[in-house]
Each structure stands twice: as C-alpha cells, then as structure tokens.
Amino acid sequence: MSERRFTEKPDLNPMAVMSLDINHAAMRENRTLFPSTVVTVTADAPDRLLVSGKNNRKIGATVEKGKFKGYGIYCLSLEERATCPTDCEARGFCYGNGMQMARRHRIGDADVFFDRLGFEIVNLLDQHPGLLIRLHVLGDFPSAEYVAFWKDVLDEYPNVACFGYTHRLPQNWGGDEIGDAIQAVKDAHAERFRIRWSNDHGVAMSDSSVILDRLPRGARGPNGELVCPSQTDATACCATCALCWDVPRENIGFIKHGRPSVETEAAAVMEGFRDEPKGLTDTPEGVTRHPEALTNPDTRKVQGIPVQGVKPNTVRADSTPELRMVQPTDLTIESNYQRSLSGKSIKLIRKIVAGWDWAKFKPPVCAESDGGLFVIDGQHTAIAAASHPHVYRIPVMVVRRDEESDRAAAFVSQNTERVQMSPLQIFHAEVVARKPATIEMLKSAIRAGATIPRSPPKKGEEKPGEIVSVGALQHVWAHGKPENFERVLRIAVLSGKAPVNSLLIRGIDLALKRPEDKQTGMPPIADLDDAELAYAVSKIDIDEQSAEVAVESQCSKYDALASLIETYVVDLAEEYSELTKGGASALAIAS
Ligand code: SF4
C-alpha cells in the first residue's frame, strides 16, 4: 500500500459543495479564501515547494504501477483563482475552499521561483529513480513562461514526468496563449506531460477530466468517463491507480468535492425534487392519490435524500410507537423537565380551545412506564383538550420509556431538533391559507413593486425591493391605513435599497407620520411625492447612519432614520428639483 500520512477519506456529497457568490471578495479579487496561507517564494522561503504525495491522502508517495513505477510523487500548489482562468466553472466551488491548511505558493521573482524548483528537482532525483510531479493540487498554469519552465525540465530530465489538470485551453478551442503553450508541451512530451483538459465546456474532448455534480451510480459517469477510483475507494490513491497518466484514452470523472454547506445541499435536493417527473413515482398498491397531488406542480412526494457519511442507527422492531385514544386527563406532566405554564402558554391554550380544529391538532407524544403516561411533547395541546367541553378523547403517540432521564432526553430532542419556519415561510403559508390580512399585505406589496421571497435570501444576494421583514410589514399594517402601508413599500422600492428590511420599512413609516414642523414651517414630508422621498432615502446609508443618529439622539434606529429622511429631503430639495426640471422619471431620479 502506497505510503500516506493521512488515509481518512472525506464523505463525498457533491450536492452539498457550496459555491462562493460572485460578489464574494475572494471571487471579486480573484484569490484564495485563505490569503494567510499564500507564501511568495523567495530564495530562502519556504523550505520547499514540492511536497511528497505521502502528505496527501489521495496521491501517495511512490508510483506502484505502470510506466512510472518506482517514481517519487511530488505535488506543487499555487493559489487557486489567482492563477486560474477567470472563466473556469469551478471558480466558485473550487475544492480549495475547503483546504484552509494547505500552503499556496506565489511566484514573486520568476527567476528565483524557477531556480528554486529546478534545484529541488535535481535534489529529489538523487533520491528517486524518477519524479512524477502533480501539477497542481491547487491553482493552474499562470503564464506561458511558467509552462515553458516545465518544458525545459522535461527536455533536460527524461526521468521527470508531470500529471494534472488544467482549465486553460488552446486558442483554437476558445482559450489563450497559455493553453497553446500547454498543448505544445503535450505534443512535445506526450508520454511525460500528462496534463488533462478540465472539460467544463460541455463539448466532447479527449484526454480530459470532468466534474460530476451527482454521485455516479457505477464506475462510469453520465458521459462514459471513468470515475476516479480513489474517490470511490476502488483503489487507495493515485500511486496505486495511474489512470490519469497511463490511460489518456479514458476521460476521468471527479466527484465534486469541497467545502460543504447544508444550504447548498438543501437547494440541490429541492432541485432534485423539482426534476422528479410528476405522478410517475409509484403509488403504493390500494392507495388512491388525490388527483391534484398527482398533477399539481406545487406538490412533491416524500422521498429519501442522499445522506452521505451518515451511519443510520439500528431501529429496534419492538420500539415502534403505538397510536392510542386517551382521555387528556389520563396524561401526566413531569415538572423536572417540562416547563411551567407561562402567560404565553395560557394565551396559546385559550386560542386552541377557541378554535379547536383537528387539522391543527398534533397528537401529543407520550412515554409510558409503570408510573403512567407522561407527555413528552404536546403539553399545551393536552391541556387545551382537557379544557375543551367537547373534546373527550385525543389520539396520542405512545412509546415505552421507563427512565425519567430518557423521557427528559426525548423532551429536549422534541423541542430542539426541528427546523423553525421562517416568518417569510409562514407568511406565504398564510397566503395559501387565505388569511385576509396577509393576502391584502401581499397585494399591496405587489402593487408597490415589491417582492416577498419565500425564504430569506443569502446575505449579499438580496435584491432591490425584496422585503425580508414580515414583522415590520405586520407592524405597519397593524398601525396604519392600507394606503399608507402601500406607500411605505412604494417609496422603499423606488429608493432601490436592497433588502427592504425592518429598519427601512419602519423608518419610512415614521417619517410619513411626522407632523408639520412648526418651527421651520416645513410641511409634513408626507405631502411630498414618493420619488422625492425615495430620492432622499436612496442617498442615506441606512444601517450605518441610523445607528449613529440613534446613539447621538438616544432614540430608536427607526426614529433615527425618519429624522435622516427629513434632513435629506431638505438638503436635497434643490438637487431634486433640478433633476425633475430635467424631466427625469421618478424611478430614474430615485435609483
Ligand atoms: S483517476 Fe487515478 S490517477 Fe487519476 S486522480 Fe484518480 S486516483 Fe489519481
């Protein structure tokens, strides 16, 4: 087995690999996520550039088979994104995003860099019958001059070979002069310069590698490429595989790997559900599917998702819960772990009793022991049932738990291991539930040109006019007239601010409610037109300035923003009238 310091294999879950947003600093500045790991190579630092493959679980120390058998494998890392073509499709999800410990080498003085490399190669050739150099664990070929260096090395040392991948392409394939240089070395040293083209161009290419977004079902990917056997444990590592340099006729498929994110996974899983053809999934024998569910695009069947790396536990057959109809007063609450009733509890119980609806009823989860039936989850529901004159028996789910500690553990899990609904998700559910006020709010928002997303947008990806605060919507709706509500949103949209958050909504609302200023004789700013107000808002750094004014004036940030709007309206009045004189449209003025 090839010598390696690390053998632990990361779980492959391509759907969960996160991708940096295009506005992320590392994308904008074309650099690694971990700038502190980048070392500019000088005559004496770092101690070495070429690192033995034994330090990389996937590579291995010495080639074990094929034409380079016995060669020492060494790896070189440059800086991802900084040395890569900007049209590389992997820029956002580059696996370097998950390699915070790796050292990246930056070429400072090129001559010094090439001297250092050349010197190391000569030294290493004293220790090995030959060298196989992995170009590059991170980064790509940064320049034609750099490619020429490797040509010189291969010209000079017949027992040196290179293998790796590049997102560069020759110009006749839409690439650049670096791609041409790579092609030239591949032609000159076809056997020893085994650099494969990373095919993210969706065209048939030979001698290439592709990234697989989904776990392949077998040894080959969707376009017949061979899946990297080291990723699937079909072989230990490159040293025991040799495919990439020994078998140019085979394209290689690499299962996407890198920095995982459950958000990305959730989006991919949902994408998978959306791709699932409706109605085709088998409906169990004897079960009639509601016709709407079969055809309605807004439904999806419950189905398993890939849970890579999760080792499912054993579920004992005799531990299956039982559904039982009981009198609510037969149930017991254990105060050691259950909470006491609070004001909020009473409010909830009263609400349940007032609107008892079995569709809104969640059967309490109860643990049975010789001491009785103990409520683990659903105390308020059970008490409400006991309080309702027409509810005699309720269904409960019963599991056997003799120990109080087990019951307490179940209670904690029942009340913590859940994904809370976001206010935005509840808002849209209320729309489907035809809740009048919510529907009116939505209609107003749409008329005002705003959007209300179903779930909170990612930070930095919020769009102008995108409302992210349901709480502020409900507050303004509850404390004002519908026409004022709509006006607040219209001004927020016109201002071009992204997102439309609670500060913006509440600040504009308060500004519109400001009376005439008797001292200055300034009319209520609500008398001004929306575009002028939006223009003023568009010029304010909402979060920063409101926070400053709130501290200075010892007021809420909402009041602070309302004052800022008043101030800016006055300060910008002349500028605004100049703009309107020019006949600029409201939107143009404000945006
Ligand atoms: S296919 Fe083989 S040689 Fe290529 S990367 Fe995978 S393990 Fe290494």
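Read-outs: derived from the displayed coordinates by stated rules, not from any lab. Just so we're clear, the structure is a prediction, and the values are computed from it rather than from any experiment. Ideal geometry is used to build each Cβ from the backbone, glycine not excepted, and the neighbour counts take in all protein chains shown.
Given only helices, namely DSSP H runs of n ≥ 4 each adding -39500 (n - 2.57), what is the per-residue ellipticity at 222 nm of the chain, to the nearest 500 deg cm²/dmol? List each step's numbers first, then the result.
Numbers: 19 runs with 208 residues, N = 591.
Value at 222 nm, helices only: -10500 deg cm²/dmol.
Go through 433-439, 560-566, 308-314, 68-74 and give me the packing order, highest mean Cβ count within 10 Å leading.
Going by the mean number of other Cβ atoms within 10 Å, highest first, we get 560-566, 68-74, 433-439, 308-314.
Counting alpha carbon pairs within less than 8 Å and at least 6 residues apart, what relative contact order, in whole percent, applies to the chain?
Result for the chain is 10 percent.
Using packing as a proxy for protection, rank 182-188, 326-332 so that the peptide with the highest average count of other Cβ atoms within 10 Å comes first.
Descending mean neighbour count gives 182-188, 326-332.
Determine, for each peptide in 516-529, 13-26, the mean count of other beta carbons within 10 angstrom over its residues, then list the peptides with the highest first.
So the order, starting with the most tightly packed, is 13-26, 516-529.
Would you please calculate the Kirkwood hydrodynamic radius of the chain over all C-alpha pairs and express it in Å, rounded to one decimal? Numbers along the way, then the final one.
Numbers: mean 1/r = 0.0332 Å⁻¹.
Hydrodynamic radius (Kirkwood, Cα only) of the chain equals 30.2 Å.
If you line up the long axis of helix 436-447 against the longest principal axis of the chain, both from Cα atoms, how many degrees apart are they, to the nearest 10?
Between the helix axis and the principal axis of the chain, the angle is about 50 degrees.
What is the Cα centroid distance between region 367-384 and region 25-73, reported in whole angstrom?
59 Å
Using the Kirkwood radius over C-alpha pairs as Rh, can you work out the diffusion coefficient of region 440-591 via Stokes-Einstein at 4 °C, viscosity 1.567 mPa s, in µm² per second?
Approximately 84 µm²/s, per Stokes-Einstein.
How tilted is helix 557-581 with respect to the longest principal axis of the chain? Cα atoms for both, answer in degrees (0 to 90, nearest 10).
Approximately 80 degrees, to the nearest 10.
With all distinct Cα pairs included, what does the Kirkwood hydrodynamic radius of region 1-91 come out to in Å, to one decimal, could you say? If you can, show how the numbers build up before the last one.
On the way: mean 1/r = 0.0623 Å⁻¹.
With all distinct Cα pairs of region 1-91 included, I get 16.0 Å.
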